1. Please go through segment 52-64 and pick out each residue that is assigned to a helix (DSSP H, G or I) and surrounded by fewer than 18 Cβ atoms within 10 Å (Cβ to Cβ).
2. Take the residues in segment 1-51 that are assigned to a helix (DSSP H, G or I) and among the hydroxyl-bearing types (S, T, Y), then tell me which one is nearest to the chain's Cα centre (by Cα).
3. Part of a loop (DSSP other than H, G, I, E, B), without any contact (Cβ under 8 Å) to a residue 40 or more places away in the chain and open to solvent by 60 Å² or more (accessible area, probe 1.4 Å): is that true of D218 in this structure?
4. List the number of the failed condition for G367; all other conditions in (1) open to solvent by 40 Å² or more (accessible area, probe 1.4 Å); (2) modelled with pLDDT of 85 or more; (3) of a type outside the set (A, V, I, L, M) hold.
5. Those residues that are part of a helix (DSSP H, G or I) and either open to solvent by less than 20 Å² (accessible area, probe 1.4 Å) or touching a residue at least 24 places away in the same chain (Cβ under 8 Å) (or both), I need them from segment 373-390; list them, please.
6. Going residue by residue through segment 113-125, is there one that turns out to be over 30 Å from A15 (Cβ atoms), among the aromatic types (F, W, Y), surrounded by 18 or more Cβ atoms within 10 Å (Cβ to Cβ) and at pLDDT 90 or above?
7. Does segment 77-89 include one or more residues that are under 27 Å from S54 (Cα atoms) and among the basic types (K, R)?
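The values are calculated or read from the model by the stated rules, or taken from the named source; none is laboratory data. Source: prediction; values computed, not measured. Positions of Cβ are backbone-derived with ideal geometry, glycine not excepted, and every protein chain shown enters the neighbour counts. With ligands, DNA and RNA removed, areas are computed over all heavy atoms of the protein, side chains included. Shrake-Rupley method; radii C 1.70, N 1.55, O 1.52, S 1.80 Å.
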Amino acid sequence: MTFELTKDYLDTIQAAIDARDDALLRTEMEELYPADISGVLDELAPESAHYLLSLLDKTVGAEILANLDQTERTTLLKLFTSAEIAPFINQMDSDDAVDVLNQQPIQVREEVIGLLEDREQARFILDLLHYEDGVAGSLMQKELIRINVNLTVNACIEEIRLQAEDVENVYAIYVVDDVGKLLGLVSLKKIVLARKNAKIADIYDDDIVFVETYRPVDEVAEVMQRYDLDAIPVVNVQQRLLGRITIDDVVDVITDQAEEDIQVISGLSGEVEEDDNIWRRSKVQLPWLVAGAVGSLMAATVINGFQSELGKIAALAAFIPIIGSTGGNVGIQTSSLILQSLADTSGLSTSLGRRLLRTLMVAVINGLVVGLIAGTYTFIIGEPRLFFVVATSLLAVVLLASFMGTVTPLLLNKVGINPAVASGPFITTANDLIGIGVYFLIAQWLLTEV
């Protein structure tokens, strides 16, 4: 049954914490999955969360800490001593342990590593700590099963039994030579079906996809998506097997990238969450709001420059909103399609000329339809003389917005700037400004006799 976190349940847990009713707390937590307990901890004050987490089995607590929001985890672990943190780190996969320790002060980090009972875990963590964020080495875990190519199947099974104790999920058995160079992999099915005296050299598959430690994490994610992999081995420049990256870590990377792009497209200048303090939220939202306000003031300046036209035909003002909104919507739609194509790193890219031609054809169709609809409305409100002004302006605005929505992200990508910024308030504001200017220029040109 799905757990539902309610205020009454939280009140019950908080009351048990205040009363130090450890038996009730343990009983309640045994009924929940670690992900559900994480939700409970998120809603508790740090001191209460510290007390509750301290009561849990260290394996469960390690899983909870590994999956907690980074900010929540950092705040919570400030209440723990190094001796309290070490047992949780002992139970984590090496990559999760490094993620947790990297958020701690250097003194705490070194104290925890020194207190680890599992010295192999300590060695794994030290191996991983020197990799920079954003590369495959920082994402990999050291726990995996490797076997020598010269072993028999029978010896291989014994080796798997020895190594599998520290490996949570066995996706593949990696085959290496005498110096640890990755040669390929062998499936559990082949091992089970093979004769016990058969050589691994005769049954392993040397067609294997791998990544080097220095590869960017977004490239790793793209490779795993393309080949539908549950795990991918990581090697050094000599192609010696160092670790593996599993699908759960790649999902985190993809999710983080998607959230970052959504926030940028939405006009946020940094990472922000709904429950952040008001000053942080304001600082993140304000830059694009100021940029949008400046753009709107410039558009107002353009409108002010055409007061004489508005004085002659007041109905011109009625169509300003549709001019601005249509340009903004078209720009966002077009740039979103371009961003999707830029995210496809398959190597089959469309030329700029072909992109612009296709965009032009779509824009002509859309502009004609929207222009005719808005032009028809001019008859309904009794201003037929505005038919060509409105229809022509909307066609021109759709064409210009489509062009900007295509070219802007491509240019930003070319110069190494995140093209997602082109899909936010920047394009919307620019299209408002250009669209209104085009509208009044066309009105001035077509209504010169008025």
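1. S54, L55, K58, T59
2. Taking the candidates together, the pick is S38.
3. Considered against the rule, which asks whether it is part of a loop (DSSP other than H, G, I, E, B), without any contact (Cβ under 8 Å) to a residue 40 or more places away in the chain and open to solvent by 60 Å² or more (accessible area, probe 1.4 Å), D218 comes out as no.
4. All conditions pass for G367, except number (1).
5. A374, G375, T378, R385, L386, F388, V389, V390
6. Yes.
7. yes
Residue-by-condition table, conditions (1) out of contact with any Ser or Thr (no Cβ under 9 Å at 6 or more places or on another chain); (2) open to solvent by 70 Å² or more (accessible area, probe 1.4 Å); (3) at pLDDT below 90; (4) hydroxyl-bearing (S, T, Y):
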| residue | (1), (2), (3), (4) |
| --- | --- |
| V149 | yes, no, no, no |
| A194 | yes, no, no, no |
| Q225 | yes, yes, yes, no |
| G243 | no, no, no, no |
| I247 | yes, no, yes, no |
